[in-house]
1. Quick one: in the stretch A:173-211, which of the residues that are polar (S, T, N, Q) and over 27 Å from the mean Cα position of the chain (by Cα) is surrounded by the most Cβ atoms within 10 Å (Cβ to Cβ)?
2. Kindly provide the set of residues from the stretch A:269-304 that are open to solvent by 30 Å² or more (accessible area, probe 1.4 Å), under 19 Å from the mean Cα position of the chain (by Cα) and within 14 Å of chain B (Cβ to nearest Cβ), ordered by number.
3. Among the residues of the stretch A:149-167, count how many are among the polar types (S, T, N, Q), farther than 15 Å from A:Ser248 by Cβ and either part of a loop (DSSP other than H, G, I, E, B) or touching a residue at least 12 places away in the same chain (Cβ under 8 Å) (or both).
4. Quick test of your reading of the structure: A:Ser264 fulfils all but one of (1) of a type in the set (Gly, Ala, Ser); (2) within 14 Å of chain B (Cβ to nearest Cβ); (3) within 24 Å of A:Leu301 (Cα to Cα). Name the failing condition by number.
5. Among the candidates A:Trp170, A:Trp146, which residue alone is assigned to a helix (DSSP H, G or I) and surrounded by fewer than 19 Cβ atoms within 10 Å (Cβ to Cβ)?
6. Which of the residues spanning the stretch A:239-269 are small (Gly, Ala, Ser), at pLDDT below 85 and part of a helix (DSSP H, G or I)?
7. Quick one: in the stretch B:246-263, which of the residues that are surrounded by fewer than 21 Cβ atoms within 10 Å (Cβ to Cβ) and of a type in the set (A, V, I, L, M) is farthest from A:Arg167 (Cα to Cα)?
Amino acid sequence: MTQYIIKRLLQAVVVIIGVLFFTFALLQLTGDPARATLPLDADPEAVEQMRQKLRLDEPIPVQFYYYILNVLKGDFGDSLTYKHQPAREIVFERLPATIQLALSAWITIIVTSLIIGMIAAIRRGSIIDNISMVFAMFGQCLPSFWLGLMLILLFAVTLKVLPTSGRQGWDLRYLILPTLTISAPSIAVMTRIVRSGMLEVLNKDYILTARSKGLNGRVIFFRHALKNVAIPLVTLYSLQLGGLLSGSMITETIFGWPGVGLLSVNAIGTRDFPIVSAVVFYVATGFVLINLFVDILYTYLDPRVRLQGKEVS
Amino acid sequence: MKMKTRREFLKGASLLAGGVILAACAPKATEAPTTAPTEAPKEEKPTEAPKEEKPTETPKEEKPTEAPTEEPTPEPTPTPEPVVIRVLMADQPQLEPQLHAGGNQANLCENIYETLVAFSVDGTEIVPELAVSWERVNDYTFKFNLREGVTFHSGDPFTAEAVKYSMERYNEANEAPQLSQYPWGTTTIESDYVVTVEHKEQKSDPIFLKRFAGIGGHIVNPRFAEEVGLEGMRTSADGTGPYKVEAYDRDGEIVLAANEKHWNGKPAIDKVIQTAVVEPATRVASLLAGEVDFADAIPPEQVPVIESSKLCRIESTPTNRVVFYPFIVNKPIAENKLVRQACNYASNFEAIIEFVLAGRGDRVNALMLPQYFGYNPNLKPYPDDVEKAKALLTEAGFPNGVKLNMVQLVGRLPNDKEVGEALVGELKRAGIDITINLVEIGAAGPVLWENPNPEHDLYSISWGNGFMDGGYGMDYFVSTSFFSTKSTQYNNPEFDKLMEDAAFELDEEKRRKLYEQADALLYEDCPAIWAYAVHRIYGVSKRLNMVPRPTERVNFFEMSVNA
């Protein structure tokens, strides 16, 4: 068990170093960062000063060493757009908005897909099952930029019941349309997974045994079936959260949601590399940590993982 | 039995769902106070900062002690509803007025801060602002007589000291070498309301006065700037302008309140709430939903949608931004002037403007626009003449046409990608076969300026000329300029000489002539395909009155609202 966790931790560290290397390599490939930092008609002297400041005159391995050192200190450099402001600070300022939208979408995905998926599984072949599966297919097919704009046109422009864009703290009215847009594809995928997982478990021998013993349907469903479906679902839902936390560039752009996704779009547009690398690093690290958490959680949910660990040791 | 079980399950499931939703809402409610304070103090600081100035306003605060005797008067006076407008921009800028180069930031700051002199609404003249008059002391020195009785939003008086501080502020800033368009100079205080500014290099600079109307010329309050530092100047402001900052949230709303003590009178609009959305379709939707009074950067194809609405209309203006396609003139085919001229004869921007930009653009003859100083009125835009283009190609030794590579920058201007694609189609008619390479504006640097051996023969670019002067506009093609050395390689000694002579010529008429000659030279030599002048398109609610400025500045003081 401990060995398993240590192994996963080490893997996580390797992935994060890989991400750092990848970000650094991308920075090298996108041209001269000193030029990017300065305006087009800057003096050659100013460019040279900037090159020295950014240590671009050092060999690449030395630059990478300093890069890692700075990242460990949380220093990605100052933003090129927001002068004199560290990139880290700007990314952190945007995180609450992204976390808010991610959690809202995540809860929506879990609740909706669990309810619809379970109903579809129980009433397999019924109209409800068919309708829900058709909707699931729609959800997967619709591109989010289209869905977002259609929702705006319907609810904000035509019906005038919800605002078109923006974020006003915890005013839920502003949260509804972005949440629907960002969660639609995941609801579709997860509903199908819940349904098929449930169907698979409901056909297992132990469920038949439970039924033949005359157990209450609810007990069978929640105690025996749902518990077993839960194991793969926990992983999948957690991965969804990881994806949502990285911020949706499209949804945030359409709805003017001031999160990390929108920040990334703007930073890429203005070649604000300190912000881009800070976003990539924090998002990747967040994703890795969530994965790590899920792996550890797994050992509690599924005794086989724990036992496997013991056998190995 | 089974039916009952399912129903029970459904009930259970819906209860569970309800519970989860409630649970989901509950932590939000409790989280709110924890997240809010972390953001709030940052935002509140700036707005509170001016409140620290209350001591200077204390006499006014004493008034309320007298007021109660008057208050019991029976009839409550009806207070008029404050006029509030909502404004939607493409991005939310910071408040630092000088140390930046962003158009939207300049827009916002011009409502909060003021300059010694300013551009008139049509952008052609220099008019007084914080200076009531000025005179040229010698070739490189200006003397300004300042407006008396002006105060900053905090109540501090505006004096010569503020001018000196503001002019020296960017001299000391780290990024000083970048700000080439600033009025670099040495400021001397003659008296409380008189200053002289001497050109830093003691050179004659014909557009020195215009530089004071630009970004670098904004006057800040020395005490406030020192107090909040560079960091604080980004999120708080203390200017003399018609609007003061009531609240600032870069990720949310920027609230501007009318400066009732403004020297030019109280603004007609009491409050401006500015938010930002990158996506143009959302900006249009907000306008159609009646949520905002003003939306910036409307794409041309959305113009009919807005015009057909009962709530809003379109306001647009030609701007000082010109789009052109410079050639890399040391490349084998592009080095031939006849080929470059052929490209101009076959580009048919007349049609591109009409069909791709919905008529929202103006044909140009070269880099200069009619409103610029030094524009040559005798030059007519190249006509659409495919036969002439073919003849020129044959004369150049390419009877079967030419193949060229073109970089089209996308994401900077409305429909830039479509314009590039249409241009490819037009040129093909004359046998000019263009391979187009779309490059995001963010990646322009490595492709255009950091590439000593570029594959492309020509590329798209746009150039905004805030000073409306040939010296600033045609600089692009001077052989020693950044753009010539890094990309076009254009080197025309005759053109260079004209531009250099004009740069130090203080006689307006002589200088005008020199620029007219330079303009004609570029027109004839075609170091670029001359494309079009950009129109700025705004979506405006029907109740809002405004006049769009060619300088692309959005001035709230000039706006009003119909009752």
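The values are calculated or read from the model by the stated rules, or taken from the named source; none is laboratory data. All figures in this text were calculated on a predicted structure; none of them were measured in a lab. Counting neighbours? That spans all protein chains shown, and the Cβs are built from the backbone with ideal geometry, glycine included. Surface accessibility is based on the protein's heavy atoms, side chains included, excluding ligands, DNA and RNA. Shrake-Rupley method; radii C 1.70, N 1.55, O 1.52, S 1.80 Å.
1. Filtering the stretch A:173-211 down to residues polar (S, T, N, Q) leaves A:179, A:181, A:183, A:186, A:191, A:196, A:203, A:209.
Remaining after also requiring over 27 Å from the mean Cα position of the chain (by Cα): A:203, A:209.
On the way: A:Asn203: 9, A:Thr209: 12.
My answer is A:Thr209.
2. A:Val276
3. If we filter the stretch A:149-167 for residues that are among the polar types (S, T, N, Q), which is where we start, we get A:158, A:164-165.
Retained after the next criterion (residues that are farther than 15 Å from A:Ser248 by Cβ): A:158, A:164.
If we keep only those that are either part of a loop (DSSP other than H, G, I, E, B) or touching a residue at least 12 places away in the same chain (Cβ under 8 Å) (or both) as well, we get A:164.
The number of residues fulfilling the criteria is 1.
4. Among (1) of a type in the set (Gly, Ala, Ser); (2) within 14 Å of chain B (Cβ to nearest Cβ); (3) within 24 Å of A:Leu301 (Cα to Cα), A:Ser264 violates only (3).
5. Values: A:Trp170 fails: assigned to a helix (DSSP H, G or I).
Selected residue: A:Trp146, the only one of A:Trp170, A:Trp146 that is assigned to a helix (DSSP H, G or I) and surrounded by fewer than 19 Cβ atoms within 10 Å (Cβ to Cβ).
6. Going residue by residue through the stretch A:239-269, those that are small (Gly, Ala, Ser) are A:242-243, A:246-248, A:256, A:259, A:261, A:264, A:267, A:269.
Of the ones still in play, those that are also at pLDDT below 85 are A:242-243, A:246-248, A:267, A:269.
Across the stretch A:239-269, the qualifying residues are A:Gly242, A:Gly243, A:Ala267, A:Gly269.
7. Looking at residues that are surrounded by fewer than 21 Cβ atoms within 10 Å (Cβ to Cβ) and of a type in the set (A, V, I, L, M), I get B:Ala257.
Rundown of residues vs (1) modelled with pLDDT under 90; (2) within 20 Å of the chain's Cα centre (by Cα); (3) surrounded by fewer than 22 Cβ atoms within 10 Å (Cβ to Cβ), yes/no style:
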position: B:Glu110; (1), (2), (3): no, yes, no
position: B:Glu114; (1), (2), (3): no, yes, no
position: B:Trp134; (1), (2), (3): no, no, yes
position: B:Asp139; (1), (2), (3): yes, no, yes
position: B:Gly155; (1), (2), (3): no, no, yes
